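Here the structure is laid out as structure tokens; the discussion comes afterwards.
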Amino acid sequence: MGKSPCKTGKPEIRYYFDIKAFIPLAFEYTGCGGNKNNFKSEGECRNFRVGYDYVVCAAGSKELNTVKDCVPNATCINGGLINHCCDKKITKDFEADWNPKCPKGTKVHEENRGGIPITVVGKTCKSKFCPAGAKCVEGTYFATCCK
């Protein structure tokens, strides 16, 4: 993902599509190298990935069962034509990371994208995606920036 800095490169925040989580995640691109899974915006990353809206269980976890009703430790995810029974704890933790809470006295850092506030989420704090003055906070599946 462009980990080696180059003389002409300027570090910037880019996005890659995380196949396991099935979402775009932020990372610091240092200007050289990388691959085609490297986008200038979250929207560009979303638009490039065919099947982005395909329903899967959170964090790439497997379905618990495929019967009509989900087992007690599962949550039902509406998949349009069929429903999916996914692990309740994994789904809850995944959603908590996707809608993060910051330590007392700080707020989740959001970036304005076309008038819409967007929470920037990365895989881990090692991705160095937080702006200056923001603190990276690790969750179970993702990291976010707090100011």
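Values quoted throughout were computed directly from the atomic coordinates according to the rules given, and no laboratory measurement underlies them. These figures come from a predicted structure and were not determined experimentally. Cβ: placed from backbone, ideal geometry, glycine included. Neighbour counts: every protein chain shown.
Please compute the length gained on full extension between Asn65 and Lys92, using 0.36 nm multiplied by the number of residues separating them and subtracting their Cα-Cα distance. Spell out each step's value before the answer.
On the way: separation 27, 0.36 × 27 = 9.72 nm, distance 1.79 nm.
Gain on stretching Asn65 to Lys92: 7.9 nm.
Among (i) 1.21; (ii) 1.09; (iii) 1.02, which one is Rg/Rh (Cα atoms, Kirkwood Rh) computed from these coordinates?
Read-out taken from this structure: (iii).
In a Gaussian network model over the chain where Cα atoms closer than 10 Å are linked, find which of Lys62, Lys89, Lys104 has the largest mean-square fluctuation.
Between Lys62, Lys89, Lys104, it is Lys104 that shows the largest mean-square fluctuation.
Rg over Rh of segment 82-147, using C-alpha atoms and the Kirkwood radius, what does it come to?
Taking Rg over the Kirkwood Rh, I get 1.04.
Compute a Gaussian network model of the chain, connecting alpha carbons closer than 10 Å, and tell me which residue from Gly122, Gly133, Gly34 fluctuates the most.
Gly133
Compute the long axis of helix 88-98 from its Cα atoms, compare it with the longest principal axis of the Cα atoms of the chain, and write down the angle in degrees, 0 to 90, nearest 10.
30 degrees
With each label point set 7 Å from Cα along the Cα-Cβ vector, what nm distance links Ile19 and Ile82?
With each label point 7 Å from Cα toward Cβ, the separation is 2.2 nm.
Among Cys32, Cys45, Cys86, which one shows the highest mean-square fluctuation when the chain is modelled as a Gaussian network with alpha-carbon springs under 10 Å?
Cys32
Counting only helical runs of four or more DSSP H residues, what would the 222 nm mean residue ellipticity of the chain come to if each run contributes -39,500 (n - 2.57) and the total is spread over all its residues?
Working: 2 runs with 18 residues, N = 147.
The helix contribution divided over the chain gives -3500 deg cm²/dmol.
Give me the distance in nm between label points sitting 7 Å out from Cα along the Cα-to-Cβ direction at Thr124 and Glu110, one decimal.
My value for the distance between the label points is 2.9 nm.
Would you mind calculating the gained length between Lys7 and Glu138 on full extension (0.36 nm times residue separation, minus the Cα-Cα distance), in nm to one decimal? Each step should come with its number before you reach the end.
On the way: separation 131, 0.36 × 131 = 47.16 nm, distance 3.09 nm.
Taking 0.36 nm per residue and subtracting the Cα distance, the gain is 44.1 nm.
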